[in-house]
Number of protein chains: 2
Amino acid sequence: MRSVILSIGDEVLIGQVVNTNASYLGSGLFSLGIPAEKIITLPDNEKEILKEFRSAWKNFDVIVVTGGLGPTHDDITKKCVAEFFKSEYVLNEKVLKHVKSIFARRHIQMPAVNIGQALVPSAAIVLENKAGTAPGLLIDKADKVFCVLPGVPYEMKYISEKGLFPYLEKKYRNKVKRVVKQKTLHTIGIGESLLAAKLGDIGRIVRKGRDYEVKLAFLPSNYEVRLRITVSAATLPKANSLVNSTLKLIKKAIDKFIYSDDEGSIEKTLGALLKKKRLTISAAESCTGGLIASKLTDIAGSSAYVMDGIVSYADKAKKRLLGVKPGTIKKYGAVSRETALEMAVGIRKRSDTDIGISATGIAGPGGARKNKPVGLVWIGYSDKNITFAKDFIFTKDRLRNKDAMAKMALEVVRRQLLSINN
Amino acid sequence: MRSVILSIGDEVLIGQVVNTNASYLGSGLFSLGIPAEKIITLPDNEKEILKEFRSAWKNFDVIVVTGGLGPTHDDITKKCVAEFFKSEYVLNEKVLKHVKSIFARRHIQMPAVNIGQALVPSAAIVLENKAGTAPGLLIDKADKVFCVLPGVPYEMKYISEKGLFPYLEKKYRNKVKRVVKQKTLHTIGIGESLLAAKLGDIGRIVRKGRDYEVKLAFLPSNYEVRLRITVSAATLPKANSLVNSTLKLIKKAIDKFIYSDDEGSIEKTLGALLKKKRLTISAAESCTGGLIASKLTDIAGSSAYVMDGIVSYADKAKKRLLGVKPGTIKKYGAVSRETALEMAVGIRKRSDTDIGISATGIAGPGGARKNKPVGLVWIGYSDKNITFAKDFIFTKDRLRNKDAMAKMALEVVRRQLLSINN
């Protein structure tokens, strides 16, 4: 099975947009055992697009096209599809109803131009797009699949997951020679090399057989290290069992550092843990500026354990809202173990939650003090039994620091609740 | 002048690596007036690579290839170049000296395999790579330029900036008929199609002349729409004046919706505005869960105008921390104009800031009530002269809602400070 990805849009060619759609589709097609053998980015130019359609249709079994499906004048992909498949436009009532409903629920009159989005080439199967207005289009002909998706990433992803990938999986299940399964384990606050050391031989694992291969990859990014297991095998059951046996080996060595093995975030893992233990939490934030609370509330149902949070950016606010003693800040500074401890106790008591968490540090780029570099953060933890603070030093980049500091604060709570001491 | 970018590497095809190299090169070639008309990603496969080399050499004036120059076995680009140009390998002493020095500095014995990096096709000019071991290779023949760069981003960038771009600029200075200038305008809270409607004919603007072209593109993402003006003209002054005249036309129609025309974020624009007006702000957040404060504090120096923030997730917290009247929540609900107003006034007074902003809504996926759908948010604003609240309805997706609601809250403040009423 040979597949190709065609990305349409001048904005990609001139480097205004990075082509993340192609990576997403590339990895999806790869897992389906229909790896992309080529990715081609094209201008918003009818002649060029049709030329590539012809050669793609000739050389590949699966063609996935992204971009140029919106309502405005510069979106010409659908026109090219209709022409390429000599297919008339038909009005798709279901799509029209959906597009109308999107404007209706926002109490906005649907502009006439959007009616066009309900016009689809008769040759195409419509793939529902609940994430936006432009539907996906799929043509299944001569045992080939030609699919067109919007360029907006979350719409493209929605249609791929709900429509395209399941369709391809079903259609080609018996034709693909290799099935590829991947599993990614998430860790935070432990370096790649330390992780590798703890894994020992497992960390170097690359098992090969006549009809299977197991690979392990370390993927570090901003103080998180993802461990990716990639298994290719002849059948799905075989692949799954290889993934599971490898997973067991790894967990045996570093289980406590793995906060998720299902693409979950630290806030998702911690949220589930808090729910299970029926604990409530509140955050007192300085350098993270609300990001800890924001991450906690990214999880649906977080109202079960998040009561409130305080962003005490100014010292004044630390005193007024959290009861940090003026003397403490004066003597040790706002970025100190002592201030972090008082912030954590203060938020826990004032919010009347089981756990209080705090973060005070220097996000940068400015603000460094003697022995207090940019990237330094003190994270405080307090519950009715114990109160402590830990310090970490991250990068010199403000946004990366805020993100790493907030995640680390959540990881500190996770480790405490599971009595993981390291 | 027509150029093409060839990216070589299986890791890009299977989505393990996002092709940021292509965007970097695309924007570089674009501003040189030699825009890439195609970007093609290829596998590490000699046959495929040579095939693309042939068609690229036939159809384009400038060919830029990245990837496959490292020392390892799967890096076959150089081999293909030598074969394609029927060119022998010669040992380049300068490169060898450089590669040796890199290992020497790290006190590492240079592996024999790295000697190969000093072997270059005789037809090629060597472009120095101070950022790594693999040099860039440039073939200038038949008035065409064929250039090969390493795939490691910072090495690719180094050689492009120091070697490739200056070479192209010099060579084609008098041949490039077109200078290209771009301007991107940022809007929020107004849809692509609505924007197009407000722009009318301007929205369809693609003016062409014998020696110039003006294009307008809509780039939507989660309730933000970027408007990109692209002008190509014979001379820089001509291009600039066309950008400015187009900008004037657009601003005349939708000026109030444009929060930035220099790639800035809404938090950056608002931050500068608050600083200029010497105003302070504090946020009371329910559905956004801290994201408004986090965005505000994403900007370095925000401590000049951000004092603190309250995440009043639970109703209890709205009453205790913000002084929202129990009766108000009981009578109108937590998601209501009345509650938003009391939250905004409450945070302003308690934090003693010039402006208080509030957000209370339903991020979803659950929590919808009669006449209160998922995606509904009430944003409250309060300063010493005026207090008001506006409602908006966004999507059904929790994270997209939080992001859109937080940005919209900042936009509401921006519009108020500039007395933009819509």
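The values are calculated or read from the model by the stated rules, or taken from the named source; none is laboratory data. None of these values were measured; they are calculated from a predicted model. Every residue, glycine as well, gets a Cβ built from its backbone with ideal geometry; the counts of neighbours run over all protein chains shown. These accessible areas exclude ligands, DNA and RNA; they are computed on the full protein's heavy atoms, side chains included. Shrake-Rupley method; radii C 1.70, N 1.55, O 1.52, S 1.80 Å.
Taking the label point 7 Å from Cα in the Cβ direction, how far apart in nm is A:ALA300 from each other copy of itself, listed shortest first?
4.0
How large, in Å, is the range A:3-171 by the Kirkwood hydrodynamic radius built from its alpha-carbon pairs? Write down the numbers at each step before the final one.
Values: mean 1/r = 0.0624 Å⁻¹.
By the Kirkwood definition, the hydrodynamic radius is 16.0 Å.
May I ask you to derive the relative contact order of the range A:266-417, considering only C-alpha pairs under 8 Å and at least 6 residues apart, and to give it as an integer percent?
Values: 327 pairs, mean separation 37.8, N = 152.
Across the range A:266-417, relative contact order equals 25 percent.
With axes computed from alpha carbons, what is the tilt in degrees of helix A:20-31 against the longest principal axis of chain A, rounded to the nearest 10 within 0 to 90?
Helix A:20-31 sits at roughly 80 degrees to that axis.
Hey, could you get me the Stokes-Einstein D for the range B:9-100, Kirkwood radius over alpha-carbon pairs, 20 °C and 1.002 mPa s, rounded to whole µm² s⁻¹? All intermediate terms of the calculation are to be shown ahead of the outcome.
Working: Rh = 14.9 Å.
Value of D from the Cα-based Kirkwood radius: 144 µm²/s.
Can you show me the helix-derived [θ] at 222 nm for chain B, built from DSSP H runs with n ≥ 4 at -39,500 (n - 2.57) apiece and divided by the number of residues, rounded to the nearest 500.
Working: 15 runs with 160 residues, N = 422.
Helix contribution divided over all residues of chain B: -11500 deg cm²/dmol.
Find, among the trypsin sites (Lys or Arg not before Pro) in the range B:332-422, those assigned to loop by DSSP (not H, G, I, E, B) with at most 12 other beta-carbon atoms within 10 angstrom. Please report the intermediate quantities before stating the final value.
Values: sites: B:ARG337, B:ARG348, B:LYS349, B:ARG350, B:ARG369, B:LYS370, B:LYS384, B:LYS390, B:LYS396, B:ARG398, B:ARG400, B:LYS402, B:LYS407, B:ARG414, B:ARG415; in loops: B:LYS370, B:LYS384, B:LYS396.
Answer by residue number: B:LYS370, B:LYS384.
Top mean-square fluctuation among A:VAL374, A:VAL412, A:VAL18, Gaussian network model of chain A, C-alpha springs under 10 Å?
A:VAL18
Give me the 1.4 Å probe accessible area per residue for the protein assembly as shown, excluding ligands and nucleic acids, in Å².
Accessible surface, normalised per residue, equals 43 Å².
Using only Cα atoms, figure out Rg for the range A:266-417 and give it as a multiple of 2.2 N^0.38 Å. Could the numbers behind the result be given before it?
Numbers: Rg = 14.1 Å, N = 152, 2.2 N^0.38 = 14.8 Å.
Here the Cα radius of gyration is 0.95 times the empirical estimate.
So if I place +1 on the C-beta of Lys and Arg and -1 on the C-beta of Asp and Glu, and nothing else carries charge, what would the dipole magnitude of the protein assembly as shown be about its Cα centre? I want it in debye, nearest 20. Provide the component values of the computation, followed by the final result.
Working: 138 positive and 84 negative charges, 389 e Å.
So the dipole magnitude of the protein assembly as shown works out to roughly 1860 debye.
So what is the relative contact order for chain B, in percent, with contacts set as C-alpha pairs under 8 Å and at least six apart? Don't jump to the answer; show the numbers that get you there.
Numbers: 813 pairs, mean separation 41.7, N = 422.
It rounds to 10 percent for chain B.
What is the local net charge at A:VAL95, summed over the other residues whose Cβ is closer than 13 Å to its Cβ (Lys, Arg +1; Asp, Glu -1)? Intermediate results must be reported in sequence, preceding the final value.
On the way: positive: A:LYS78, A:LYS94, A:LYS97, A:LYS100, A:LYS130; negative: A:GLU93, A:GLU128.
Surrounding charge for A:VAL95 is +3.
For the range A:369-422 and the range A:254-304, write down the distance between their C-alpha centroids in whole Å.
Using only Cα atoms, the two centres lie 14 Å from each other.
Report the label-to-label distance for B:SER419 and B:ARG210 in nanometres (one decimal), using points 7 Å from each Cα along the Cα→Cβ vector.
My value for the distance between the label points is 4.9 nm.
For a quick check, take a GNM of chain A with Cα springs below 10 Å and name the residue from A:ALA36, A:ALA56, A:ALA368 with the largest mean-square fluctuation.
The residue with the greatest mean-square fluctuation here is A:ALA368.
Report, as an integer, the average count of C-beta atoms from other chains found within 10 Å of each Cβ along A:41-52.
Values: counts 12, 4, 4, 2, 1, 0, 0, 2, 0, 0, 0, 1.
Neighbouring Cβ atoms belonging to other protein chains average 2 per residue here.
Which is the longest part of chain A that has none of the GluC sites (Glu not before Pro) sitting in a DSSP loop with at most 16 other Cβ atoms within 10 Å? Provide the component values of the computation, followed by the final result.
Values: sites that count: A:GLU88, A:GLU128, A:GLU263.
The longest uninterrupted stretch comes out as A:264-422.
In Å, what is the Rg of the alpha-carbon atoms in chain B, and how long is Dmax?
Expressed in Å, the Cα Rg and Dmax of chain B come to 28.1, 86.
Which of the trypsin sites (Lys or Arg not before Pro) found in the range A:23-71 are in a DSSP loop and have at most 15 neighbouring Cβ atoms, other than their own, within 10 Å? The partial results should precede the final answer.
Numbers: sites: A:LYS38, A:LYS47, A:LYS51, A:ARG54, A:LYS58; in loops: none.
Here no loop site has a sparse enough neighbourhood.
What's the FRET efficiency of B:TYR332 with B:THR387 using the Cβ-Cβ distance as r and R₀ = 22 Å, to the nearest 0.05?
Values: r = 16 Å, r/R0 = 0.72.
Efficiency for this residue pair is about 0.90.
Count the net charge of all other residues whose Cβ sits under 13 Å from the Cβ of B:PHE85, scoring Lys and Arg as +1 and Asp and Glu as -1. Before the final figure, lay out the partial values.
Details: positive: B:ARG54, B:LYS78, B:LYS79, B:LYS86, B:LYS141, B:LYS144; negative: B:GLU83, B:GLU88, B:ASP140.
Surrounding charge for B:PHE85 is +3.
Per-residue Cβ counts within 10 Å, from other chains only, averaged over B:7-14: what number is that? Provide the component values of the computation, followed by the final result.
Values: counts 3, 0, 0, 5, 2, 6, 14, 11.
Counting other chains' Cβ atoms within 10 Å and averaging over B:7-14 gives 5.
Once the label point is placed 7 Å from Cα along Cβ, list for B:LYS316 the distances to the corresponding points in the other copies, in nm, shortest first.
Distances to the matching label points in the other copies: 3.0 nm.
Over the alpha-carbon set of the range A:179-260, divide Rg by the Kirkwood Rh and report the Rg/Rh ratio to two decimals.
Working: Rg = 12.6 Å, Rh = 12.8 Å.
Reported Rg/Rh (Cα atoms, Kirkwood Rh): 0.98.
I need the P(r) histogram for the protein assembly as shown: all alpha carbon pairs, bin width 10 Å from 0 out to the longest distance, whole percents.
Going from the shortest bin to the longest, the percentages are 2, 11, 19, 23, 23, 15, 6, 1, 0.
For A:LYS277 and A:VAL90 in one chain, what is 0.36 nm times their gap in residues minus the Cα-Cα distance, to one decimal in nm? Could the numbers behind the result be given before it?
On the way: separation 187, 0.36 × 187 = 67.32 nm, distance 5.51 nm.
Value of the extension gain: 61.8 nm.
Could you check how much of the accessible area of the range B:1-158 is carbon and sulfur, as a whole percent, using a 1.4 Å probe?
Numbers: 3890 of 6860 Å².
C and S fraction of accessible area: 57 percent.
Would you mind giving the average projected area, over all directions, of the Cα convex hull of the range B:158-221 in nm² with one decimal? Don't skip to the answer; put the middle values down first.
Numbers: hull surface 27.2 nm².
Convex hull of Cα atoms, orientation-averaged projection: 6.8 nm².
Taking every alpha carbon pair in the range A:240-348, what does the distance histogram look like in 10 angstrom bins from 0, in percent?
Distribution as computed: 13, 33, 26, 18, 7, 2 percent.
What does the charge count around A:ILE386 come to, taking other residues whose C-beta lies under 14 Å from its C-beta (Lys +1, Arg +1, Asp -1, Glu -1)? Please report the intermediate quantities before stating the final value.
Numbers: positive: A:ARG348, A:LYS384, A:LYS390, A:ARG415; negative: A:ASP354, A:ASP383.
Residues close to A:ILE386 contribute a combined charge of +2.
Using a probe of 1.4 angstrom, how much of the accessible area of the range A:179-260 is carbon and sulfur, in percent?
On the way: 2090 of 4000 Å².
Solvent-exposed carbon and sulfur of the range A:179-260 make up 52 percent of the total.
Work out the mean other chain Cβ neighbour count within 10 Å for the residues of A:297-303 and drop it here as an integer. Walk me through the numbers on the way to the answer.
On the way: counts 12, 7, 3, 7, 3, 4, 7.
Shielding by partners across A:297-303 averages 6.
In nm, what does the list of distances from A:LYS251 to its counterparts in the other copies look like, shortest first, when each label sits 7 Å along Cα to Cβ?
Copy-to-copy label distances at A:LYS251, shortest first: 6.0 nm.
Assuming R0 = 45 Å, what is the FRET efficiency of A:LEU399 and B:ASN45, from their Cβ-Cβ distance, to the nearest 0.05?
Details: r = 39 Å, r/R0 = 0.86.
Approximately 0.70, to the nearest 0.05.
Would you kindly give the portion of the calculated P(r) for the range B:74-139 that falls above 21 Å, as a percent of all Cα pairs? Let's see the in-between values first.
Values: 465 of 2145 pairs.
Summing the P(r) of the range B:74-139 above 21 Å gives 22 percent of all pairs.
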